[in-house]
């Protein structure tokens, strides 16, 4: 994964490294891969995927795997100071717009990502 980050020229690369470290700190059993040309995190199934397609924006897509699982109980999260948008049943998008935004949100992000992954 470090090699992937080293190849990036995105304005949010360093902030994305912080978010990656945060996820691995609170979900230490997570495995990493590249999915949709971006970092992806999984336990038994995928639970978070980065998107850095927009300049100056880092998004963390929270999901329950490649296929929707409508039978799974609803996961409830805080709105992370307006950064979280629900995109469906158990699918959410967290948007960070600057490195400072990431730094300010990390404590709450860690609580919410642990809850999402079922480790908090």
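Coordinate-derived values only; no laboratory data. Please read these numbers as outputs of a predicted model, since none were measured by experiment. Cβ: placed from backbone, ideal geometry, glycine included. Neighbour counts: every protein chain shown.
Would you calculate a helix-derived [θ] at 222 nm for the chain, using -39,500 (n - 2.57) for each DSSP H run of n ≥ 4 and dividing by the full residue count, to the nearest 500? Mind showing how you got there, number by number?
Numbers: 3 runs with 38 residues, N = 120.
The helix-only estimate for the chain comes to -10000 deg cm²/dmol at 222 nm.
Using Cα-Cα distances under 8 Å and only pairs 6 or more residues apart, what relative contact order does the chain have, in percent? If you can, show how the numbers build up before the last one.
Details: 167 pairs, mean separation 30.7, N = 120.
Here the relative contact order equals 26 percent.
If you split all Cα-Cα distances of the stretch 2-117 into 10 Å bins from zero, what percentages do you get per bin, shortest first?
Pair shares across the bins are 14, 51, 32, 4.
At residue 11 and residue 79, where each label point lies 7 Å from the Cα along Cα→Cβ, what is the point-to-point distance in nanometres?
2.5 nm
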